Amino acid sequence: MVVGGSGDYARKEEKGSPLGKKRLKQSHLAFFFRFTATNMESTPPRCHLLLLRFIHCSPSIAKLLSLDISSSPSRIRISFLMNELEHPRKIMEYQTFFLVLSCLFPLAIFAYIISSRRNSRLPPGPKGFPVIGNLLEFGDKPHQSLAILSKRYGPLMSLKLGSNTTIVISSPDITKEFFNTHDVAFLNRSPPKAIQIGDYHKYSIVWMEAGDQWRKLRRMTKEYMFSVQQLDASELLRREKVQELVKHVNRCCIEEKALNVGACAFTTSLNILSNFMFSIDLAEYGPKSTQQFQDLVLQAMQAGAKPGLPDLFPILHSLDPLELIWSENVYGKKMLAIFDNIINDRLRTRSDGVSTKSNDVLDLLLDQHSSFTQNDMRHLFLTLFMAGTDTTSSTLEWAMSELIRNPEKMKKARLEVDKLMQNNNNRSIQESDISQLTYLQAVIKETMRLHPPAPFLIPRQAIHDVAIHGFIVPKNAQILCNVWAMGRDPNIWSDPEMFMPERFLEVKIDYKGQNFELIPFGAGRRMCPGLNLANRMLHIILASLIHKFDWKVVGNTRPEDIDMGEKYGITLQKAEPLMVIPIKL
């Protein structure tokens with residue numbers, strides 16, 4: 001094995017880099033890797049690959065090292081990312097990190113052996129390696145990897161991710177056991193360390209424990225935001241924002257300009273929410289206007305979905321010598337700063353005696369100041385914007401992609417909308433029309449089946465030991481519900497890989513938490529409180545996009561060849577954005 005680094009250090013030193021002044025500290029790190037390399041030379045090539053796969057599975061380690069497998073399987077080159085080592089403090093942190101790991105390794109082996117003996121009644125699952133458990137099986141697209149494993153080990157499966165027990169469920173019957181029969185035992189969430197660092201799990205309605213504060217927030221969202229009366233009162237606002245989207249698409253038609261469907265849907269969703277909450281727009285249509293806010297949301301979502309070392313090994317929670325996930329905390333702080341400015345501006349206006357009664361959510365919450373603090377508000381807004389913008393826009397992008405790939409389905413959906421509008425003097429589409437657009441409803445359901453916004457929902461946690469189907473789900477186990485796998489299960493759906501909205505015309509299945517084969521918004525007491533708003537936004541935006549426009553894929557790509565690759569996060573994104581040119585009908 002070749003240890004890259006000494007030559008690089010020499011070149012850096014010749015250039016007068018500050019790194020050259022820390023040669024002694026570098027030699028400590030070089031010794032560590034030379035020691036590792038020497039020992040690895042005597043091990044089989046498979047062990048080399050296991051080491052690489054383990055490090056690549058952890059974004060924290062991948063941040064530290066860049067790894068390449070040379071042409072010879074027994075020789076692996078490890079080189080440092082120099083920009084991560086230029087700061088002397090970080091070099092000391094890396095030394096501390098490796099020292100801590102070397103001390104914890106025998107303890108982790110012992111804990112692994114003991115836990116394997118104690119958990120003989122766990123659901124079946126693949127045998128893991130010492131220390132890392134089944135981390136290698138997790139992969140970079142875990143919803144797909146675990147779907148494959150569940151075919152072998154069954155719909156109730158257990159894994160070890162580091163030292164943590166994870167239970168994976170992937171059938172409607174077992175999901176009902178967890179989220180209906182035993183819902184109270186699984187009310188708590190399993191927040192990753194990246195969420196805990198900013199104390200978001202203490203204030204966010206998504207992550208906080210199911211206690212009095214959670215119930216208060218739940219009641220507030222139902223009463224002041226997502227009640228039928230509140231949504232009906234704000235319908236005109238959403239209609240105006242959708243018309244702004246239609247005008248933007250019209251401009252792209254005139255200019256024959258390509259349109260990023262996901263980005264446009266994100267802008268529309270963001271402005272609908274920001275006007276609903278604050279009576280202001282937070283973005284305009286354009287390549288740069290929404291990009292900053294969207295990047296913050298996507299980065300925060302991806303950060304929360306990737307397990308870091310403290311998530312895999314809870315004993316590192318209090319140590320965290322490298323502060324490897326502090327950078328992920330930055331995204332949430334930036335968004336909170338935006339909401340703080342908005343709240344403070346409204347408070348200053350109110351204190352100046354200026355009437356601001358706009359009947360938006362912020363006014364309603366400020367009127368409840370005795371029971372709702374500013375900190376409650378800012379975290380609630382953070383949660384709602386993260387949950388309500390990205391999920392809606394990604395679902396719309398997937399729906400448009402599927403319709404464009406299947407022209408006969410697009411034609412059928414468009415004819416239904418056209419017929420309804422002709423009977424109503426060609427007025428704009430309204431939310432009251434949704435109940436009459438049965439095929440469009442089927443298109444949304446079929447999109448949710450194939451491309452659920454959150455492939456594992458939000459992970460839950462067992463409050464205490466629970467007996468299910470003859471197995472024990474232990475206290476503090478993380479619960480992953482693989483709704484992506486259920487949506488593609490041939491035992492549930494005929495031709496599961498095909499986009500067939502017609503299947504929902506034949507059966508009465510909805511996604512409101514009662515039909516467990518289709519629960520993209522979750523089920524039970526912790527299902528998404530914004531379901532009703534999302535349902536209205538999805539139908540009215542999609543109907544408006546297909547009503548007066550046809551769509552041509554950019555370049556020479558045929559519609560059926562649109563890239564449908566996925567990018568994993570808490571939400572499931574398209575790997576390649578849908579770029580199309582609208583054509584006026």
Near pairs, Cβ below 9 angstrom, 6+ apart or cross-chain, from segment 559-570 (without any contact (Cβ under 8 Å) to a residue 12 or more places away in the chain) to any residue that is basic (Lys, Arg) | 561/405; 565/574; 567/141; 567/574
Look at segment 337-393 and say how many of its residues are free of Cβ contacts under 8 Å to residues at least 24 places away in the same chain, under 30 Å from residue 457 (Cα atoms) and of a type outside the set (Val, Ile, Thr).
-> 1
Selection status of residue 454, in a helix (DSSP H, G or I) and either open to solvent by less than 10 Å² (accessible area, probe 1.4 Å) or in contact (Cβ under 8 Å) with a residue 40 or more places away in the chain (or both) = no
Inside segment 159-195, the number of residues satisfying the requirement of being assigned to a helix (DSSP H, G or I) and open to solvent by less than 50 Å² (accessible area, probe 1.4 Å) is 11
Out of (1) exposed (fewer than 14 other Cβ atoms within 10 Å of the Cβ); (2) within 28 Å of residue 264 (Cβ to Cβ), the one residue 399 does not meet is (1)
If you scan segment 271-290, which residues turn out to be at negative phi and open to solvent by 20 Å² or more (accessible area, probe 1.4 Å)?
-> 275, 280, 281, 282, 284, 285, 287, 288, 289
Has segment 293-305 got any residue that is over 17 Å from the mean Cα position of the chain (by Cα) and either open to solvent by less than 40 Å² (accessible area, probe 1.4 Å) or modelled with pLDDT of 90 or more (or both)?
-> no
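Rundown of residues vs (1) of a type in the set (A, V, I, L, M, F, W, C); (2) at pLDDT below 95, yes/no style:
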residue: 429; (1), (2): yes, yes
residue: 444; (1), (2): yes, no
residue: 449; (1), (2): no, no
residue: 459; (1), (2): no, yes
residue: 497; (1), (2): no, no
residue: 504; (1), (2): yes, no
residue: 512; (1), (2): no, yes
residue: 535; (1), (2): no, no
Looking for whichever is out of contact with any Cys (no Cβ under 6 Å at 6 or more places or on another chain) and not in a helix (DSSP H, G or I) here; the options are 560, 517. Which one fits?
-> 517
For segment 478-498, enumerate the residues that are in a loop (DSSP other than H, G, I, E, B) and surrounded by fewer than 22 Cβ atoms within 10 Å (Cβ to Cβ).
-> 488, 489, 490, 491, 492, 493, 494, 495, 496, 497, 498
The number of residues in segment 125-135 that are farther than 23 Å from residue 470 by Cβ and open to solvent by 10 Å² or more (accessible area, probe 1.4 Å) is 4
Since residue 201 meets every condition but one in (1) open to solvent by less than 20 Å² (accessible area, probe 1.4 Å); (2) at pLDDT below 90, which condition does it not meet?
-> (1)
Is it true that some residue in segment 116-124 is modelled with pLDDT of 85 or more, loosely packed, with under 14 Cβ neighbours inside 10 Å, of a type in the set (Lys, Arg) and under 18 Å from residue 472 (Cα atoms)?
-> yes
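So that you can scan it fast, the table gives a plain yes or no per residue for (1) buried (at least 20 other Cβ atoms within 10 Å of the Cβ); (2) charged (D, E, K, R); (3) in contact (Cβ under 8 Å) with a residue 24 or more places away in the chain; (4) within 19 Å of residue 543 (Cα to Cα):
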{"site": "230", "(1), (2), (3), (4)": "no, no, no, no"}
{"site": "237", "(1), (2), (3), (4)": "no, no, yes, yes"}
{"site": "245", "(1), (2), (3), (4)": "yes, no, yes, yes"}
{"site": "266", "(1), (2), (3), (4)": "yes, no, yes, yes"}
{"site": "269", "(1), (2), (3), (4)": "yes, no, yes, yes"}
Examine segment 211-220 for a residue that is of a type in the set (S, T, N, Q), more than 18 Å from residue 385 (Cα to Cα) and without any contact (Cβ under 8 Å) to a residue 24 or more places away in the chain, and state whether such a residue exists.
-> yes
Checked 505, 538 against criteria (open to solvent by 30 Å² or more (accessible area, probe 1.4 Å) and part of a helix (DSSP H, G or I)); the one match is 505
Residue check for residue 522: part of a loop (DSSP other than H, G, I, E, B), open to solvent by less than 40 Å² (accessible area, probe 1.4 Å), touching a Leu at 6+ places or on another chain (Cβ under 6 Å) and of a type in the set (Gly, Ala, Ser) | yes
Only unsatisfied item for residue 419, checking (1) free of Cβ contacts under 8 Å to residues at least 60 places away in the same chain; (2) of a type outside the set (Val, Ile, Thr); (3) open to solvent by less than 40 Å² (accessible area, probe 1.4 Å), is (3)
Are any of the residues in segment 370-383 more than 26 Å from residue 434 (Cβ to Cβ), of a type in the set (Phe, Trp, Tyr) and not in a helix (DSSP H, G or I)?
-> yes
Single residue of segment 438-449 satisfying the filter (touching a helix residue (DSSP H, G or I) at 6+ places or on another chain (Cβ under 6 Å) and of a type outside the set (D, E, K, R)) that is surrounded by the fewest Cβ atoms within 10 Å (Cβ to Cβ) = 439
How many residues of segment 249-263 are open to solvent by less than 80 Å² (accessible area, probe 1.4 Å) and either without any contact (Cβ under 8 Å) to a residue 24 or more places away in the chain or closer than 30 Å to residue 529 by Cβ (or both)? The answer is 4
Residues of segment 330-369 that turn out to be open to solvent by 20 Å² or more (accessible area, probe 1.4 Å) and either part of a helix (DSSP H, G or I) or of a type outside the set (S, T, N, Q) (or both), as a count | 24
Out of (1) more than 20 Å from residue 135 (Cβ to Cβ); (2) out of contact with any Phe, Trp or Tyr (no Cβ under 6 Å at 6 or more places or on another chain), what's the single condition that is false for residue 193?
-> (1)
Would segment 410-425 turn up any residue that is in contact with a helix residue (DSSP H, G or I) (Cβ under 6 Å, 6 or more places away or on another chain), under 25 Å from residue 528 (Cβ atoms) and not small (Gly, Ala, Ser)?
-> no
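The values are calculated or read from the model by the stated rules, or taken from the named source; none is laboratory data. It should be emphasised that the depicted structure is a prediction, and the values quoted were computed from it without experimental measurement. Using ideal geometry, Cβ is built from the backbone for each residue, glycine included, and neighbour counts are taken over all protein chains shown. Please note that ligands, DNA and RNA were not included when accessible areas were found on the heavy atoms of the full protein model with its side chains. Shrake-Rupley method; radii C 1.70, N 1.55, O 1.52, S 1.80 Å.
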